[in-house]
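Input: a single structure, listed below in structure tokens.
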Amino acid sequence: MTSKSQINISNSFYGNSTSSLMVKEFPSKLPYRIIEAFSTSNLTSKNLTARISHDGWAWFVVGRKLFIWRYLDDVVANKPKATKCYELLLPASDIAHKAELVCVSNSMTQYQQQQHSRFPSAIAVSPEGSIRYWPNIFQENNVYDTVVGADLNGQECQILLDICPLGCVLGTTTNSLAHIYIDDRTRQEPNQSPIVCRTLKVPQGLFSGIGRKFSSFIYGSLPTANYSAESRQILRIIRNKPVDDNDDVLPVFILALHNCSIQKWIIEDYDGENFCGRIDLEKHLKEAFITKFWDRTTTHHNQISIWIMDIALNRFNEIILLVMCNNSDVPNDNHFALFSLIPDLFPLDGSSLDSQNSISLIKSARYLTDICLSSNELFPQTRSTSASLSQNRPFNLITMKHSQVCYIFNSNCIYKVNLNNQDRSEKIDFESTNDFIFGATVIDQNLLLLTFKNGFLSVECRTTDLIASKQLSASDREFIQSNQTDKLSLLKRALQFFMKDDKTHAELLVHEMFPFIRSQPATELKQPTNTMELDATVCALSTDICDQIPHADPRWSTFIDAENCLDIQHPNQQQHQETHGSVIIGTQLEEKMLTHNSFIELLKRTGIWDSLTSLTNFKSIFPTKLILCEHSEKLLVCMALWKLHSHYGIILVNAIKKVLEKRKNAGMMKGFESHSHLTNQDLFYREVTKVDELFWQLIEMEETQSQIEHTYDERLIISITDIMTTVFAEVCRYRQINGVIYQTAVVADCDYVPWSSEQRITGVRDVWIKQFDLIIRCFRVDAQCHMIGDEDKWILVGQKLADLADIILDSFVCQLRYLNPANEKFATLRRAFEMTRYKCLEPLLRIKQHDRAAELAEKYEDFDILIKLCEALDNQEQLKHYSQRFAEKGFAEYLFEWYLKEGKQGKMLSSSTTANNQKLDAFLSNHDSLKWLHQLHSRRYKDASSTLKKLGLLEENCVARRKTMLSIGKLALITSGDTNYSDFDDQLRFLQYQSDLSDSLLRKNDLDRKTMPVLSPKQLVDILISGAEGPNEDLKNFQKALEIAEIIERRYSIDLHRQILFKIWQKAFEKDEWSEYCTDNLELFIKKSFFYQLAITYYGDESKKLPDIEALAENFSLVKENQKAAYFLRAAYEMIL
């Protein structure tokens, strides 16, 4: 194939262009090696594959050869590039290689991205699982090889998705995913592959069985999915894309398309993969096709087969699906459609979204009635089976970043579809020129194709169509000018355009009303300085939608303000107009919900959503988004209530009647007094925003009955409990699915309280608490004999209490989520939550409903209940599990405190494990009286010795206790192998001296042997030298005092030692009456003196010396005042020395 032939063939496509599309030759040429590979072999499209990436790389796979070249310039963005080609060798394989298992990028790793590397890397995976990595494709011999992990052995690899800079994601034909990335650290080490392959595994919770059991209490029995291997096959993997090509998107989220389900994963880093959940779409897609093409009364789901052929994301990261449907009764009648799914589909807790729930997952549908292919055209060589369709995937889908245009293509043709309108699709046929398409991508808002014969082709939208789609009509501008001050009417008109699928018109109208808004992502949207008018308008329209009078119902015609009513009737619901009023209340509520959902979608699509802040009412701040959330929830509550009329009709009808009577008496129904053609239900369900009044009336109904009959009606209380839990379980589920939408809604100093969390007459939390108390009183749960009776009865009571407790506590969690943790309001509410939590869960323990109590205590982290439950069941293994599960929430510390409070210190120490030893150490750092026991238990004897020594020295009241602690501390030190225990010996000697004190000394010093405190060394010396028990006893006491002085010298300060030593010798000298001694016989008198006897006895050892005489005499008053005494002192010193 030559360049000239390329141009000639390309020219033939100009005649094949459509009214809004032009096919042009793209200037980038195929490399010579590619053309040569085509011409040297008898190749067909079946044994060669190719891909092109949006960042400028293209590659062909022919046998084991991989050809890579750059078709865009690196310096001048999105300009053609010279066609230099690089040839690499793929790993050996018995199955044909394909381009879908190759990734080429300049930012394969974060290091490459940070360094803005111009040297591309490549990763290729063989169908059997051999992985080959080229750090630089310019160096074909610099290559690393490895294989997929053991978890994927034997699985055929099918798709490799580029998630740069975090590597790639690999999908197999048997529903397995793996994260492949390059560890740059190991690349520097010889003989070690830098390729890391981590299998992505769906987490299986330890208590998943309990959770499923508990959810059935609220939602009913859930179906068990039984998917065949064919249905589990991964058909496509996609990732979120940056808004601009230069933007970085981290973390990366990926969507894996199976037969009729989608998995979502978030990849935050090389080793941070988190599973977000799975959604099953089969039921919702079948419902949509049956409603559109067949009679619902005669067509069953089993007749319909659904195939999702491709998945894509639009600029708002909303999921778009290309789906084909077939009715087995009409096998050759295949229908195609593009479905847009509601945003934020995946539950926050990573669970599987039940396909049986009442919330439709489809936001909008675009049925492609002009694409009609028979089964023979779809499967020319095989029968029309789901397996062949999954393998062939006859159509692919590409969405445009900045428009509502998308392209559907296969190897032979392209269809252009505009999602904003129902115009016919435009088709470009390649089969007529014997050409086929290898791959496609988007460059500069144009579709770039890589074809077999023509190489690169560009498909462009004509500029005249683009300009026309961005202009408002003259009538619209006139309407805007005439209603310039009435923003509410203008926003209503924009919503009407939006609901008629004229989204472009709606966006232009909104931007004309609020010029400061641009349809951009939130990250690029500049917050306007004042949005008060915008917030007020949005809230007003949301309220109007909820409380709108159904203008399509002729019974309401006398109450309709034709100029300001919002048309929310839908074409497929026209047949309901002639039905009796009460029958169509459900339909009217569904219309309001659909309109409100469309309104929120309009706000997001036009950029209003990111500009909303808050409203101020009576000096309180209310976030606008949360007000919209409240309206959505109240609509959901009304729909759930209406469905319950068939089961609890008498209760609801009577309650509604009472509510309307109260409104009438309060003058709140002016204009609606004469409504003989309307039922009470019509009037009540019209005002959606006041639905909470009904629940207070239900409580009043129960209290009135008990006052009249002086007893509780068990059936009535159970029925009303069912009404409340069924209705508000729907609200909880809505928050679970859509909570992420409102997470950023809180503004500074917010005073907003969710309507379900408000107390007293303004909200419903107190309703639930009152109902909870009524069940307690009705069934005497707090009585001592509560377990005497029917076991089934207590199971039922436990279920109702658990259902109510879950709703009550969820309302607290919801409210806490919208408060700043640093705010005092948060602390106050947190304390109220903890008190209510215990009040709700403790009765479940009382009636032995352990499973339900455990489920709720785990969910709301009530550690006290969990500990009591495990103690009651003597389940230490479960306690260890909770310590690990709630490690970051402080469960172990709470458990230790609980043991201390309950006086179970021994159990706390005996149950410690290696896992929580460190935490117990930290906890016991302030509990030394227990710390040493734990240290002994964990064989840390030296630490135990230090702790015991500290405790012993702090003990001042009991001599025996100090002696015991020091003795055990000495033994622990010896056990540790340390022989330096002299400090313990000295302290024990002090205690021994105190124990040996005579009764006469104790009496003299007013001490009782049983109650005396631990004496300090100084106090001990004072007592020992104070007695007069006889020469021998006094001599022994003074010797003990001198021994104490020696210890003080070693263990305490020198000054204290000198002070005590001088005091001992001065007291010893004063024991004799020196004034009566005769100096004539000096030696005899001195040798008989107590001073001399003590000195000779104690200082017989030459190493011991008397204190310096000058220092001793310096502060000795007796010696200073009595010259005779001074003389004898010096003489005695001379004789002793």
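The values are calculated or read from the model by the stated rules, or taken from the named source; none is laboratory data. Because the structure is predicted, anything quoted here is derived from the model rather than measured. Neighbour counts are summed over all protein chains in view; Cβ atoms, including those assigned to glycine, are modelled from backbone coordinates with ideal geometry.
Starting from residues that are among the hydroxyl-bearing types (Ser, Thr, Tyr) and surrounded by fewer than 21 Cβ atoms within 10 Å (Cβ to Cβ), keep the ones in region 930-955 and report whichever is modelled with the lowest pLDDT. Lay out the reasoning, then the answer.
Taking region 930-955 as the starting set, the residues that turn out to be among the hydroxyl-bearing types (Ser, Thr, Tyr) are 938, 941, 945-947.
Still in the running and surrounded by fewer than 21 Cβ atoms within 10 Å (Cβ to Cβ): 938, 941, 946.
On the way: Ser938: 77, Tyr941: 87, Ser946: 84.
So the residue we want is Ser938.
Taking each residue of region 1003-1016 that is free of Cβ contacts under 8 Å to residues at least 40 places away in the same chain and looking for partners that are of a type outside the set (A, V, I, L, M) with beta-carbon atoms closer than 6 Å, six or more apart or interchain, yields Leu1015/Gln994.
Scan region 127-144 for residues that are farther than 26 Å from Lys84 by Cβ and either over 34 Å from the mean Cα position of the chain (by Cα) or among the charged types (D, E, K, R) (or both) and report the count. Residues meeting the conditions: 3. Within 36 Å of the chain's Cα centre (by Cα), under 24 Å from Asn421 (Cβ atoms), buried (at least 16 other Cβ atoms within 10 Å of the Cβ) and at pLDDT 85 or above - does that describe any residue in region 508-519? Yes, that holds for at least one residue. Restricting attention to region 767-815, the residues being in a helix (DSSP H, G or I), at pLDDT below 85 and farther than 19 Å from Asp722 by Cα number 3.
Scanning for something more than 34 Å from the chain's Cα centre (by Cα) and either crowded, with 19+ Cβ neighbours inside 10 Å or modelled with pLDDT of 85 or more (or both), does region 727-746 turn up at least one residue? Even if it seems obvious, please write down each step before you answer.
In the first step, residues of region 727-746 are kept if they are more than 34 Å from the chain's Cα centre (by Cα); the result is none.
Among the residues of region 727-746, not one is more than 34 Å from the chain's Cα centre (by Cα) and either crowded, with 19+ Cβ neighbours inside 10 Å or modelled with pLDDT of 85 or more (or both), which makes the answer no.
The set of residues from region 292-304 being touching a helix residue (DSSP H, G or I) at 6+ places or on another chain (Cβ under 7 Å) and either assigned to a loop (DSSP other than H, G, I, E, B) or polar (S, T, N, Q) (or both) comprises Arg296, Thr299. When region 269-306 is filtered for residues that are basic (Lys, Arg), under 19 Å from the mean Cα position of the chain (by Cα) and modelled with pLDDT under 85, nothing remains.
Residue-level check: of (1) within 21 Å of Arg962 (Cα to Cα); (2) surrounded by 12 or more Cβ atoms within 10 Å (Cβ to Cβ), Ser995 misses just (2).
Let's see how each residue does on (1) within 30 Å of Phe1038 (Cβ to Cβ); (2) in contact with a helix residue (DSSP H, G or I) (Cβ under 7 Å, 6 or more places away or on another chain):
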| position | (1), (2) |
| --- | --- |
| Glu893 | no, yes |
| Glu897 | no, no |
| Leu909 | no, yes |
| Lys950 | no, yes |
| Ala960 | yes, no |
| Asp999 | yes, no |
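Could you tell me whether Thr711 is without any contact (Cβ under 8 Å) to a residue 24 or more places away in the chain and not in a helix (DSSP H, G or I)?
Taking the combined requirement at face value, the residue satisfies it.
Residues in region 664-689 that are of a type outside the set (A, V, I, L, M, F, W, C) and without any contact (Cβ under 8 Å) to a residue 12 or more places away in the chain: Lys664, Asn665, Gly667, Lys670, Glu673, Ser674, His675, Ser676. Of everything in region 525-542 that's surrounded by 16 or more Cβ atoms within 10 Å (Cβ to Cβ) and at pLDDT 80 or above, which residue is farthest from Gln681 (Cα to Cα)? Checked region 525-542; the qualifying residue farthest from Gln681 (Cα to Cα) is Leu534.
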